[in-house]
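Take a look at the structure below.
The values are calculated or read from the model by the stated rules, or taken from the named source; none is laboratory data. Not measured: the values here are computed from a predicted model. A quick note on method: Cβ atoms are made from the backbone with ideal geometry, for glycine too, and the neighbour counts reach across all protein chains shown. Heads up: the accessible areas ignore ligands, DNA and RNA and are worked out on the full protein's heavy atoms, side chains in. Shrake-Rupley method; radii C 1.70, N 1.55, O 1.52, S 1.80 Å.
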Amino acid sequence: MDCLIRCENIHKSFLMGKEAVQALRGIDIEVMRGEMVCLMGPSGSGKTTLLNIIGGLEEPSRGHVIVDGENVVALSEDRLSRLRLTKMGFIFQNYNLLANFTALENVEVPMALVGVGWRERRRRAEELLKRIGLDDRARHYPSELSGGQQQRVAIARALANAPPILIGDEITGELDSETGFEIMDIVAQLNKEQGMTIIYVTHDPRMAKFGQRLIQLRDGRIVEDSETS
């Protein structure tokens, strides 16, 4: 396997009033293509901040993030936006679906942003919703879907542009245990069957076991990096 994501000496600080708070303190990580990596740690350990920096949603105070050969930190906003749209799919705890769009239309949005034609968008969105077992809910709005169904739509949306990387932040946090396991089963299948590289944050040790590798953070530093199996 080759290295798809590399974090080099990542530091991140935030100003709280007049005081600088160190969220990350020199993080070095390599994620190989096809790995499924779980980030864990107590609240305030820096795991979500690290995930956001890897995904280009936040800038580090110092250090570099290399994704598929590109230095994310050095990219212009246009190039960074394109990288996120084509090489990364994002799944969030609160789903982040557009309330006035149907499930089908939500899945189509990332494809529209990169210029995919209407017919191809519709065909692929229908195919993705069928793959996750929601083709019968395609014309429903988020308010008409359960939490688990909304998260399935969010997964389909994340897959819309066939990105090599899937990034998830507490993707089962708002779900009951049974639904959470179903969602993680879908994510793990994407890793095994399609070779997607997956990085996800969870606070639940049961969900951490779906990953092949566990990275534990505390106080902005890595305290453990080990295989889960």
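Observations, loosely collected:
- Each label point was placed 7 Å from the Cα along the Cα-to-Cβ direction; for E144 and A162 their separation is 3.1 nm.
- Extension gain, K130 to S43, is 27.7 nm, computed as 0.36 nm per intervening residue step minus the present C-alpha separation.
- Sorted from greatest to least, the principal axis extents spanned by the alpha carbons of the range 99-229 come out as 48, 29, 27 Å.
- Taking θ as phi - 60° and the Karplus parameters 6.51, -1.76 and 1.60, the scalar couplings of the range 139-153 work out to 9, 8, 8, x, 5, 9, 10, 6, x, x, 5, 4, 5, 5, 4 Hz in sequence order, x denoting glycine and proline.
- Proximal lysines to K209, defined as alpha-carbon separation beneath 22 angstrom and excluding residues fewer than eight positions away on the same chain: K47, K192
- The alpha carbon centroids of the range 171-204 and the range 9-33 are separated by 26 Å.
- Counting charges near G173 (Lys, Arg +1; Asp, Glu -1) among other residues having Cβ under 13 Å from its Cβ returns a value of -3.
- Database remark: amide H of I27 closer than 5 angstrom to the amide H of N9, I10, H11 (H placed geometrically; neighbours at sequence offset of 5 or more, or on other chains; Pro and chain starts carry no H).
- The chain, helix-only ellipticity at 222 nm - DSSP H runs n ≥ 4, -39,500 (n - 2.57), divided by all residues, nearest 500: -10500 deg cm²/dmol
- Estimated distance in nm for a label pair at E224 and L57, the labels positioned 7 Å out from Cα along Cα-to-Cβ: 2.5 nm
- Debye, to nearest 20: dipole size of the range 109-229, +1 on Lys, Arg Cβ, -1 on Asp, Glu Cβ: 620 debye
- Backbone HN-Hα couplings from phi across the range 67-80 [Karplus 6.51/-1.76/1.60, Hz, Gly and Pro as x]: 10, 6, x, 9, 7, 4, 5, 8, 6, 5, 4, 5, 5, 5
- Working from the Cα coordinates of the chain, the gyration tensor eigenvalues give, after taking √(5λ), semi-axes of 29, 20, 17 Å in decreasing order.
- The apolar share of the surface of the chain, taken as the fraction of accessible area on carbon and sulfur atoms (1.4 Å probe, ligands and nucleic acids excluded), comes to 47 percent.
- Close amide H contacts of F90 (hydrogens built in the peptide plane, cut-off under 5 Å, sequence separation of 5 or more or a different chain): I167.
- Accessible area per residue for the range 38-118 is 46 Å², calculated with a 1.4 Å probe on protein heavy atoms, without ligands, DNA or RNA.
- Other-chain or far-sequence residues with amide H under 5 Å of E35's (modelled H): I198
- At R0 = 45 Å, FRET efficiency that the Cβ-Cβ distance of W118 and S177 yields, to 0.05: 0.70
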